[in-house]
Amino acid sequence: MAKNEKEMGVDECRRLVLMRHAKSDWGDNTLSDHDRPLNRRGMENAPLMAQWMQENDLIPDQIICSSAARTLETVELMLPVWPREPNWSSEESLYLATPDTIVSAIRSGPAGAATLMLVAHNPGMTYLASMLAGKGVDMPTAAIAVFQVKNTEWCDMDPGTPLQLTHFMRPKAL
C-alpha cells in the first residue's frame, strides 16, 4: 500500500453494497409475492453482476438479504462466481423494507465485515441509495450501488453517516 493511501486511512474504510434483487418471474399468479422466483433474465443477470463485483474487488465479507425467494436466489446465483464464499444470512425484516429498516439491518452487520452487502427490494433500496448518495439513484433490478464509509462501525451507522458513492452498475450497462 502506498504511504499516502495509509495516511488517508484507506485501510480503515468500509464498503456498503446495496443491491436490488434480480428480475423476478410474474408468470405464476398462484405464488405469493414473497415466493416469486427469478425469471430467465434474472438468472442471467445475478452471476453477471457477481462477475462485475469480482472484477472491481467488491466481493463482500458478509451478505444480509431479504427472506423472499427472489433475493435468496439472487445471492445463491452470485456465490459460485466468487473465489471465496462470504458469510450470509436472510432477514424477514428486509422483505419490502423501508430505508429505516434497511439501516437497522446494516447496524446489525458484523463488526469485522469490511464489505457488507444488502440484497433487498424497491422502493426501499432506491430511497436508501438516493438518501445516502445525496442525489437520485435509480435501482432497477440487479442494480448495485457501492458506498465508502470511513471509520464507522456498522453498529454506529445512521442516515447521517457520511458516505461516498464509489460505484454504481446495472446489468444493462454491462
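Checking D57, D61, D33 one by one, the residue that is touching a residue at least 24 places away in the same chain (Cβ under 8 Å) and exposed (fewer than 15 other Cβ atoms within 10 Å of the Cβ) is D33 and no other.
Test A129 against the criterion of being in contact (Cβ under 8 Å) with a residue 40 or more places away in the chain and more than 14 Å from the chain's Cα centre (by Cα), and give yes or no. Considered against the rule, which asks whether it is in contact (Cβ under 8 Å) with a residue 40 or more places away in the chain and more than 14 Å from the chain's Cα centre (by Cα), A129 comes out as no.
Can you confirm whether L94 is touching a strand residue (DSSP E or B) at 6+ places or on another chain (Cβ under 9 Å) and either at pLDDT 95 or above or of a type in the set (D, E) (or both)?
So L94 fits the description; yes.
In the set (1) in contact with a Lys or Arg (Cβ under 6 Å, 6 or more places away or on another chain); (2) farther than 17 Å from A22 by Cβ; (3) surrounded by 15 or more Cβ atoms within 10 Å (Cβ to Cβ), the condition left unmet by A114 is number (3).
When the stretch 74-104 is filtered for residues that are crowded, with 22+ Cβ neighbours inside 10 Å and not hydrophobic (A, V, I, L, M, F, W, C), only T74 remains.
When the stretch 156-174 is filtered for residues that are of a type outside the set (A, V, I, L, M, F, W, C) and assigned to a loop (DSSP other than H, G, I, E, B), the ones remaining, listed by number, are D158, P159, G160, T161, P162, R170.
Going residue by residue through the stretch 20-37, is there one that turns out to be under 14 Å from the mean Cα position of the chain (by Cα), among the hydrophobic types (A, V, I, L, M, F, W, C) and at pLDDT 95 or above? Yes, the stretch 20-37 contains at least one residue that is under 14 Å from the mean Cα position of the chain (by Cα), among the hydrophobic types (A, V, I, L, M, F, W, C) and at pLDDT 95 or above. Return only the number of the condition from (1) farther than 26 Å from K23 by Cβ; (2) touching a His at 6+ places or on another chain (Cβ under 9 Å) that S108 does not satisfy. The number of the failed condition is (2). Looking only at the stretch 78-92, decide whether some residue is in contact (Cβ under 8 Å) with a residue 40 or more places away in the chain and not acidic (D, E). No - not one qualifying residue is present in the stretch 78-92.
The values are calculated or read from the model by the stated rules, or taken from the named source; none is laboratory data. Since the model is a prediction, treat every value here as computed from it, not as a measurement. FYI the Cβ positions are ideal-geometry reconstructions off the backbone, even for glycines, and counts take in every protein chain you see.
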